[in-house]
Amino acid sequence: MNINKPSPSHLWRWFDPRDKSIGTIAFIINRLSAIGLTIYLFLHLAVLSKLVAGSQAYDDFLILAKSPAIKIGEMFVIAGGIIHGLNGIRITINSLGFLLKIQNGLLVGLMIIALAAIVYFAIRMFSGA
Amino acid sequence: MNDTIWTIELKIFRQRADAQRYFQTFQIEINPDEYVLDAIEKVWAFHDRSLTFRHACHHSTCGACGMLVNGIEKLTCITSIRSVTQNNGKLLIEPLRNFPVLSDLVVDTSSMFKALEEIGFNQVASLPSACLPYERKTLEHERSEYQRLVDCIECGMCISACPVSLTDSNYLGPAVLAAAHDASSQPLSNKILEIVDSRDGLWRCHNAFECSAVCPSNVEPGLRIMKMRQTVIAHRIKKLFSRG
């Protein structure tokens, strides 16, 4: 079989970062964060559906939500949202034909902002502020 | 070129039509200032005459010898041995991705050439049209009737590197969209607009810019696709306000 032809079955290779440029790393990060945020959306809807089961079921969940494991999970959601959002801003700017010569620098700059924002939220969340 | 001789191991992809693929290993001695294409030719000349690969000009003009060298798209005639391995090192040589393999390292790039023809790709263009948008600033004193060869050598390496071309056989691909940008530097024709402003055209690109990273000729397909988007968006807005 000629495996070299384009095929949807090659989708997994989107996530192979070996020998790739910074643009593809951003491409991979954007897909991973999008998948993570989509999973979170369904989890969020599932949690909200507990309201139907009555106030006690929801209160039990809120106790669970304060556990460190869930907080770490929430931190991943915040990180995913920030990274995906800022990367999306870069893509929009570039897609409108602007800042193309500095698109790598733009990505690095936005990811530094993302890192700073993630650290800020982590401190706030885990210090209880 | 100095007299140094390196011993290197070439692991080369082999496949005939739809037969089972495999890798064959060859050990050769070569000057590190020679090129990867020279190493492949040595394998063909001294080890295995059945090895098939494409090559012609040997000076990065024809675009025939694009291959994967250690997993990265390289024009093998200008990739020195020294830049990709070391003495007693290894080289993995594979055909370009996203094109059907015809034989060993030879891929069928006819789909790209057909699409280029459809878009009206011309190898000679007016000076402003052949240059990248940011290069045009230096052309103020040049006369627009001057013509030159466009930079694209139709090697197909941008299509090989593109993640979207990897999964979607209908996607026009960076080479074709860059050519469309080249052809559309003059007023946008309805024919080009119809081809590029489509599901498999400009809007399928996902901004990985891998095409620009591997292009050996500084065509910057990624930049051209984005500039073309800008042109198409401007065209749509104009159309919207000219309806009344």
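The values are calculated or read from the model by the stated rules, or taken from the named source; none is laboratory data. Remember, it's a predicted structure, so these values are computed and weren't measured experimentally. Note: ideal-geometry Cβ built from the backbone for every residue, glycine included; neighbour counts use all protein chains shown. Ligands, DNA and RNA are excluded from the accessible area calculation, which covers all protein heavy atoms including side chains. Shrake-Rupley method; radii C 1.70, N 1.55, O 1.52, S 1.80 Å.
Please report, in cubic angstrom per residue, the volume enclosed by the convex hull of the alpha-carbon atoms of chain B. Please list the in-between numbers first.
Numbers: hull volume 34.4 nm³, N = 244.
Per-residue hull volume (Cα only) is 141 Å³.
Just tell me how shielded B:107-114 is by partners: mean number of partner chain Cβ atoms within 10 Å of each residue's Cβ, no decimals.
1
Return the aspartates and glutamates within reach of B:LYS239: Cα separation strictly under 18 angstrom, same-chain partners fewer than 8 residues apart disregarded; answer none if there are no such residues.
Straight-line reach from B:LYS239, under 18 Å: B:GLU194, B:ASP197.
Considering all projection directions equally, how large on average is the shadow of the alpha-carbon convex hull of chain A, in square nanometres? Could you put the intermediate results ahead of the total?
Working: hull surface 48.7 nm².
Dividing the Cα hull surface by four gives the mean projection, 12.2 nm².
Reachable lysines from B:LYS74, Cα under 27 Å, same-chain residues fewer than 8 places away excluded?
In chain and number order, the partners are A:LYS5, A:LYS20, A:LYS101, B:LYS11, B:LYS42, B:LYS90, B:LYS114, B:LYS227.
Taking a 1.4 Å probe, which of A:ASP19, B:ASP197 shows the most accessible area, and what order do the others take after it? Let's see the in-between values first.
Details: A:ASP19 80, B:ASP197 45 Å².
These residues rank, largest area first, as A:ASP19, B:ASP197.
Per residue, how much accessible area does the stretch B:6-107 show when a 1.4 Å probe rolls over the protein heavy atoms, in square angstrom?
Details: 4500 Å² over 102 residues.
That works out to 44 Å² per residue.
Could you pull the accessible area for A:ILE63 with a 1.4 Å probe, rounded to 10 Å²?
120
Nearest 0.05, what FRET efficiency do B:ILE233 and A:ILE39 give at R0 = 30 Å with Cβ-Cβ as r? Working shown, then result.
Numbers: r = 33 Å, r/R0 = 1.09.
Efficiency at R0 = 30 Å is approximately 0.35.
Let me confirm one metric for peptide A:93-101, namely the mean number of other chain beta-carbon atoms within 10 Å of its residues' beta-carbons. List each step's numbers first, then the result.
Working: counts 1, 8, 9, 5, 11, 3, 1, 13, 5.
What the average comes to for A:93-101 is 6.
Subtract the Cα-Cα distance of A:LYS71 and A:SER49 from 0.36 nm times their separation in residues, and report this length gain in nm to one decimal.
Gain on extension, A:LYS71 to A:SER49, equals 5.9 nm.
Can you pull the Rg over Rh of the stretch B:6-107, Cα-only, Kirkwood?
Numbers: Rg = 12.5 Å, Rh = 13.5 Å.
My calculation of the ratio gives 0.93.
With springs only between Cα atoms under 10 Å, which of A:ARG18, A:ARG90, A:ARG31 fluctuates most in a Gaussian network model of chain A?
Of A:ARG18, A:ARG90, A:ARG31, the Gaussian network model singles out A:ARG18 as fluctuating most.
Starting from 0 in steps of 20 Å, tell me what percent of the Cα-Cα pairs of the protein assembly as shown lands in each bin.
Going out from 0 Å in 20 Å bins, the protein assembly as shown shows 24, 47, 25, 5, 0 percent.
Of the residues A:ALA53, A:ALA26, A:ALA65, which exhibits the maximal mean-square fluctuation in a Gaussian network model of chain A defined by a 10 Å Cα contact cut-off?
Highest fluctuation among the options: A:ALA53.
I'd like the FRET efficiency for B:ARG82 and B:TYR134, computed as 1/(1 + (r/R0)^6) with the beta carbon distance as r and R0 of 41 Å, rounded to 0.05. Let's see the in-between values first.
Numbers: r = 32 Å, r/R0 = 0.77.
Plugging the Cβ-Cβ distance into 1/(1 + (r/R0)^6) gives 0.85.
Normalising by the residue count of chain B, find the relative contact order in percent from Cα pairs under 8 Å and 6+ residues apart. It would help to have the intermediate numbers written out before the result.
On the way: 412 pairs, mean separation 40.0, N = 244.
Relative contact order comes out at 16 percent.
So if we plug the beta-carbon distance of B:ASN170 and B:PHE46 into 1/(1 + (r/R0)^6) with R0 = 35 Å, what FRET efficiency do we get, rounded to 0.05? The partial results should precede the final answer.
On the way: r = 43 Å, r/R0 = 1.22.
The computed FRET efficiency comes out at 0.25.
How much accessible area does B:LYS239 have with a 1.4 Å probe, in Å² rounded to the nearest 10?
Counting only protein heavy atoms, the figure is 120 Å².
Taking 0.36 nm per residue of separation and subtracting the Cα-Cα distance, what length does fully extending A:ARG18 through A:ILE3 add? Mind dumping the intermediate values first?
Working: separation 15, 0.36 × 15 = 5.40 nm, distance 1.93 nm.
In short, 3.5 nm is gained.
For chain B, give the percent of accessible area contributed by carbon and sulfur heavy atoms, probe 1.4 Å, rounded to a whole number. Could you put the intermediate results ahead of the total?
On the way: 5840 of 11750 Å².
Roughly 50 percent of what the probe reaches on chain B is carbon or sulfur.
Provide the buried accessible surface between chains B and A in square angstrom, both chains summed, 1.4 Å probe, rounded to the nearest 100. Please report the intermediate quantities before stating the final value.
Values: alone 13040 and 9330 Å², together 19730 Å².
For chain B against chain A, roughly 2600 Å² becomes buried.
Quick one: the Cα spread of the stretch B:141-244 along its three principal axes, in angstroms, biggest first?
Taking max minus min along each principal axis of the Cα atoms, the stretch B:141-244 gives 45, 40, 19 Å.
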